[in-house]
Each structure stands twice: as C-alpha cells, then as structure tokens.
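> First, the structure itself, so that you have it in front of you.
The values are calculated or read from the model by the stated rules, or taken from the named source; none is laboratory data. Predicted model, so just to flag it, every value in this text is computed and none were measured. Counting neighbours? That spans all protein chains shown, and the Cβs are built from the backbone with ideal geometry, glycine included. Surface areas here come from the heavy atoms of the whole protein model, side chains and all, with no ligands, DNA or RNA. Shrake-Rupley method; radii C 1.70, N 1.55, O 1.52, S 1.80 Å.
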Amino acid sequence: MLMGLHKKQKLRAVSFPQFSQILSCQISPETLKIPGKQLHFWFVVASGQPPMPLFSRASDSISSRRTLPSSPFPHHNSNHSLSLPLCVAERKMASSKQWTLLLSIVLMVSVTMAAPPRRPVSVPFGRNYMPTWAFDHIKYFNGGNEIQLHLDKYTGTGFQSKGSYLFGHFHMQIKLPPGDSAGTVTAFYLSSTNAEHDEIDFEFLGNRTGQPFILQTNVFTGGKGDREQRIFLWFDPTKEYHSYSVLWNLYQIVFFVDDIPIRVFKNSKDLGVKFPFNQPMKLYSSLWNADDWATRGGLEKTDWSKAPFIATYRGFHIDGCEASVQARFCATQGKRWWDQKEFQDLDAYQWRRLRWVRQRFTIYNYCTDRTRYPTLPAECKRDRDI
C-alpha cells in the first residue's frame, strides 16, 4: 500500500506576498478508483478557497512556494497536472522514496474521471443572438464582441438566441450593474415555449451599495418550478467579467460559476421527477426592474436616481444540439462531447467544490425548507442537496 499523510496531520500555512493574510489549511484523504487498483491522494482546503488536490513535494516535506495564479480558483482540468496547495506539512513523509513512487504513479497513470466542460469560444453577439425588446437600450462595442444592457425608469431590455437547443453547453461572461442596484434583476436562462415549459435559470438579484449580489438558480420541468436555491458569490461580480454556464445533457444539469459547479440537478425520472429532455429551449438574457420581490422580498425599492443600470456581456458561446421547436429528440444524441461518460456525473473533486459552495455561501435551499416542503422533494437526496 502506498504511504501517505495521516488524516489529522497538522499543516502550517505559507505566507505569500499576494495575500494580506496567512491561509489556514486542513488536509483530508480521498481514494480514486482505477480499474484494477486504488490510488490514494489528498485534498487541501484553504480558507476562502475550494478544495484543491495535494500533489507536491519539496525535500522530505510537502510544500509549494510557486507564484499564485491570478485567480484563487485555478481552472481544473483532469488532463493537466493538478493544482498545488498553499500549505506546508509539518510532519515529514515516512519515506521520500515512497512519495516519489506515488508522484510517479500519479503522473503516469491515465485516470478516467469526470471532466469540466470544454473551453468556450468567444464569438460576436450577432453570431448566436438577437435583441428582443427595447433595441435602443442595447449598446454595442468592439465590433459586437461586447454589449451593454441599460435599464432606466422607462424600460429594461433583453435578447435571445436565434436557435433552439436540446442539450449542450451554454456560456456567458457577465459584469453586473455596479453600485446601488437594489430592485434590479439580471437574468440569463434557457426556456421552452410550451404551456408546460422547461426552464433553467440564473438570476442575479441586485442589492444596496456594499451589500453582495444574490445569485438565484431555479429549474422548471413540465411547467413546475419552485426549486429555488440562493447563494452569495465569493467575489464582486461588478468589478470584472465572470463566467456563468449551464451543462445540460440527458443525465444532469450543472450550473457553473467560473468553472466551479454551484448546483446539480440530476435526471430523476425513475423517482417520478420530470426532467427536461424533449422540449428545445432558447437562451434569453434581460435586465429589468423587479423591486416588488428582488431585494429583501420587495422591501428595498429601485433608486431611479442611480439609473441607468448597466450589465455588460461578452463571450456569447453556444455549443448545443440545434433543433426546431417541435423536435422531440436531438439528431446527434450520444455523439456530442457533452453526452460522453465523463459528463454524466461530477467527479470527486467537483463534488467537493460544490460542497464548499453549499457550506459557505448558501442562503436558501428549497430542499431544506420544511415550511414549503414538509416532505423532502424526491430529487434532493440524489442531487446531494441535504
């Protein structure tokens, strides 16, 4: 058996000039199952960061003093070397040769795991989208590679995709309205047009200056929604662009923020829960006034002296199975990258990141609301929402 660190081994934080404070860390083991063998490895959990795999060695101790990436949440890619932790283990390895052996196996063994979505390709707005209302409240920049939606006391505005899609990966980079945005909602979502419609929602609820935006997600199936989850974001979404995407296939719907999964909705038809699978959906985005409910349940009203409120977009990536609105199946079902086995579930690393978001940033989850749902909704346990 390969030697490793003990579960309760203490770690000493490393100070980096890029950080104003020392990170506190803890370590926990995981077992990665490979056909014919088991590979033991560990994750570091640093304050303010999602869990990161631990594979690093200097001399007989575990350490990393490399320059930090520009984001504390490095892009996870199972085809690349794993991210290095920001910690130093106080306890030395029992044998440096054993650690070298473990590291060699990690580098040489090809591991079948789940994978993050493919990297999106940025295109101009007009390639995939078109305005839907208040055309004069949409401003174009850099040849249509960036746009702004403007909301004032007269109207908001919005746009939609040109095509309809059954499954795929849908991505947008958005910079939300800065300052006092209470009462406003910036929405990015997929929706079908039938009476018993399906819908997959990102909704960003504005707030007073200095208070964080709230991200609300929801899933409608067969015309039924009421599956709201709300989180605080761990960054200021008004300062720079951040990525928001949906991976939708026959097995699951995954919401991502900067490649970090924040929610998963599994196909639980066997439990009697409807799942979107036969209604093509268009993509929509809008900026509008919802001060009757958006901020503190409608207690905080929109301050029109701060208008116009501006949301900025770029990216406009769509990688989906385009279909007519009457289609009931995707002609290329099973042949696209998002249909493959590695996208049928999250891997252990992605589940840990999701758990990090839930534990630290969740402010509402319908699965734990016993007033609305005295009986636990059937999908919640499978989605690991409890």
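> With the requirement that a residue be aliphatic (A, V, I, L, M), open to solvent by 30 Å² or more (accessible area, probe 1.4 Å) and in contact (Cβ under 8 Å) with a residue 40 or more places away in the chain, what does segment 118-151 give you? Let's see the steps before the verdict.
Step one: list which residues in segment 118-151 are aliphatic (A, V, I, L, M), which gives 121, 123, 130, 134, 138, 147, 149, 151.
Next, from what is left, pick out any that are open to solvent by 30 Å² or more (accessible area, probe 1.4 Å): 121, 130.
Within segment 118-151, VAL121 is the sole residue that qualifies.
> Also, I was wondering about something else. If you take the residues of segment 217-247 that are of a type outside the set (A, V, I, L, M, F, W, C) and under 12 Å from the mean Cα position of the chain (by Cα), which of them is surrounded by the most Cβ atoms within 10 Å (Cβ to Cβ)?
Looking only at segment 217-247, we keep the residues that are of a type outside the set (A, V, I, L, M, F, W, C), and these are 217-218, 221-230, 236-245.
Restricting the remaining residues to those that are under 12 Å from the mean Cα position of the chain (by Cα) gives 217, 242-245.
Details: THR217: 21, HIS242: 18, SER243: 16, TYR244: 21, SER245: 23.
Among those residues, the one meeting the criterion is SER245.
> Right, something else. Which numbered condition trips up GLN211, out of (1) open to solvent by 30 Å² or more (accessible area, probe 1.4 Å); (2) of a type in the set (S, T, N, Q); (3) in a strand (DSSP E or B)?
Exception for GLN211: condition (3).
> Then there is this: Answer yes or no as to whether PHE167 is touching a Cys at 6+ places or on another chain (Cβ under 6 Å) and surrounded by 19 or more Cβ atoms within 10 Å (Cβ to Cβ).
Answer is yes for this residue.
> Something else about it: So PHE343 clears everything in (1) among the hydrophobic types (A, V, I, L, M, F, W, C); (2) under 23 Å from GLN229 (Cα atoms); (3) touching a Lys or Arg at 6+ places or on another chain (Cβ under 9 Å) except one condition, right? Which one?
Only one criterion is unmet by PHE343, namely (3).
> Continuing with the same structure: With the requirement that a residue be under 21 Å from GLY144 (Cβ atoms), assigned to a strand (DSSP E or B), open to solvent by 10 Å² or more (accessible area, probe 1.4 Å) and not charged (D, E, K, R), what does segment 292-330 give you?
Within segment 292-330, ILE310, THR312, HIS317, ILE318, GLY320 qualify.
> Now for a different question. List, please: which pairs have Cβ atoms under 7 Å, are six or more places apart or on different chains, and start with a residue in segment 235-256 that is without any contact (Cβ under 8 Å) to a residue 24 or more places away in the chain and within 13 Å of PRO117 (Cα to Cα) and end with one that is outside any strand (DSSP E or B) and acidic (Asp, Glu)?
Pairs found: none.
> Take ARG360 and decide whether it is touching a Pro at 6+ places or on another chain (Cβ under 7 Å), among the basic types (Lys, Arg) and modelled with pLDDT of 95 or more.
Against the criterion (touching a Pro at 6+ places or on another chain (Cβ under 7 Å), among the basic types (Lys, Arg) and modelled with pLDDT of 95 or more), ARG360 does not qualify.
> Between PRO374, PRO276, which is buried (at least 20 other Cβ atoms within 10 Å of the Cβ), in a loop (DSSP other than H, G, I, E, B) and modelled with pLDDT of 95 or more? Before the answer, list the steps.
Working: PRO374 fails: buried (at least 20 other Cβ atoms within 10 Å of the Cβ).
On inspection, the qualifying residue turns out to be PRO276.
> Got a number for residues in segment 318-352 being more than 30 Å from MET130 (Cα to Cα) and among the hydroxyl-bearing types (Ser, Thr, Tyr)?
Of the residues in segment 318-352, 1 are more than 30 Å from MET130 (Cα to Cα) and among the hydroxyl-bearing types (Ser, Thr, Tyr).
> Taking PRO177 and the conditions (1) of a type outside the set (Ser, Thr, Tyr); (2) assigned to a strand (DSSP E or B); (3) in contact (Cβ under 8 Å) with a residue 40 or more places away in the chain, which numbered condition does it fall short on, given that it satisfies the others?
With respect to (1) of a type outside the set (Ser, Thr, Tyr); (2) assigned to a strand (DSSP E or B); (3) in contact (Cβ under 8 Å) with a residue 40 or more places away in the chain, PRO177 is out only on (2).
> Additional query: Just give me the residues in segment 377-386 being in contact with a Phe, Trp or Tyr (Cβ under 8 Å, 6 or more places away or on another chain), charged (D, E, K, R) and outside any helix (DSSP H, G or I), in sequence order.
Hits for segment 377-386 are ASP383, ARG384.
> If a residue has to be surrounded by fewer than 22 Cβ atoms within 10 Å (Cβ to Cβ), in contact with an Asp or Glu (Cβ under 8 Å, 6 or more places away or on another chain) and in a strand (DSSP E or B) to count, how many in segment 186-208 make the cut?
Within segment 186-208, residues that are surrounded by fewer than 22 Cβ atoms within 10 Å (Cβ to Cβ), in contact with an Asp or Glu (Cβ under 8 Å, 6 or more places away or on another chain) and in a strand (DSSP E or B) number 3.
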